[in-house]
Structures are given as structure tokens and as C-alpha cells.
1. Could you check the stretch 26-71 and list, in sequence order, the residues that are buried (at least 21 other Cβ atoms within 10 Å of the Cβ) and touching a residue at least 40 places away in the same chain (Cβ under 8 Å)?
2. Does residue 119 fit the bill of being assigned to a helix (DSSP H, G or I) and not hydroxyl-bearing (Ser, Thr, Tyr)?
3. With the requirement that a residue be within 18 Å of residue 7 (Cβ to Cβ) and either crowded, with 19+ Cβ neighbours inside 10 Å or among the hydrophobic types (A, V, I, L, M, F, W, C) (or both), what does the stretch 87-129 give you?
4. Does residue 84 qualify as being touching a residue at least 24 places away in the same chain (Cβ under 8 Å) and closer than 19 Å to residue 6 by Cα?
5. Please identify the pairs in which a residue from the stretch 102-120 that is of a type in the set (Gly, Ala, Ser) has its Cβ atom under 6 Å from the Cβ atom of a residue that is modelled with pLDDT under 95 and assigned to a strand (DSSP E or B), counting only partners at least 6 apart or on another chain.
6. Which condition number does residue 98 fail, the rest of (1) of a type outside the set (Val, Ile, Thr); (2) part of a helix (DSSP H, G or I); (3) out of contact with any Phe, Trp or Tyr (no Cβ under 6 Å at 6 or more places or on another chain) being met?
7. Looking at the stretch 87-100, I want the residues that are closer than 18 Å to residue 12 by Cβ and have a partner that is assigned to a helix (DSSP H, G or I) and β-branched (Val, Ile, Thr) with Cβ atoms under 8 Å, at least 6 apart or on another chain. Which pairs are those?
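The values are calculated or read from the model by the stated rules, or taken from the named source; none is laboratory data. This one's a predicted model, so the numbers in the text were calculated from it and none came from an experiment. With ideal geometry, Cβ positions are generated from the backbone for all residues, glycine too; neighbour counts draw on all protein chains shown.
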Amino acid sequence: MKNPKINVLVVDDVEVTRKIICNILKRSGFGNILEAEDGPTALSILDETPIGLIITDWNMPQMSGLELVQKIRANPQHQHIPVLMVTAEEEEAYILAAVKAGVDNYVVKPFTAKTLREQIATVLKKHSA
């Protein structure tokens, strides 16, 4: 799964969660990791930097992860970017809404490093096919 050239954007309002995900990404061979604490910041980063994978939370201030995904999918410049949602929302209605919005995969918190790595690999493999 190592891909040191891909830019990964981690979007979560909880700094500790961002750091955990970033550490897992670094240990998995990703070298270019950017962080955003909310959706508007993430969209600004997307407009400035080519991103190859987005990992986002659902529950954030200003803009939910679901709204962020909808904006990404509505933008022709960004709609191709794979998106993995990592969230505490485990109800089927949330999962279905995320899939409908265009999320490529969904991981429920708490998660293990192994689970996150496996889901990232699945998303990237799906998009490279």
C-alpha cells in the first residue's frame, strides 16, 4: 500500500484523532499528509493542492463530513478523489446517506490500525482500477 507520492488529506475537528490517523498513514508509507480541522479548511486545501485520498469525519462544526463529501462530488475538479469516512456514526441510515453522497468506504470509530489500512487499500485499489 505504500505510496509516498500521494497527498492524503485528513479532516477531523478532533486533533487527537487526526494525529492517530496521520501516524497510521506514516507507518503505512504515506509521506505527504495534510490536515484540516473542518470542511471549509479542507475545501481550501483541495483548491490549492492535488489530493489523492481524503479521510474525513462526519461530525464537525461549520460543515459536516457528509456536506463536505457532497461538495467534493459536486465539483468536477475534485469529484474523482477517493473519500474514506471515519466516524462514530454506526447507524445504517448514516452509512446509506454517506454512500449515497459518494463516500467510497466507511469505517466506524473506534477502529484498529489494521482496519484503517485495509480500508484505505480497498479504496485506493478501487480507484486505480
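1. Listed by number, the residues that qualify are 53, 54, 55, 56, 57, 58, 60, 65, 68.
2. Details: assigned to a helix (DSSP H, G or I): yes; not hydroxyl-bearing (Ser, Thr, Tyr): yes.
Criteria met by residue 119.
3. Correct list: 104, 116, 120, 121, 123, 124.
4. Values: touching a residue at least 24 places away in the same chain (Cβ under 8 Å): yes; closer than 19 Å to residue 6 by Cα: yes.
Yes.
5. Matching pairs, first to second residue: none at all.
6. Residue 98 satisfies all of (1) of a type outside the set (Val, Ile, Thr); (2) part of a helix (DSSP H, G or I); (3) out of contact with any Phe, Trp or Tyr (no Cβ under 6 Å at 6 or more places or on another chain) except (3).
7. Final answer for the pair search is 89/95; 98/69.
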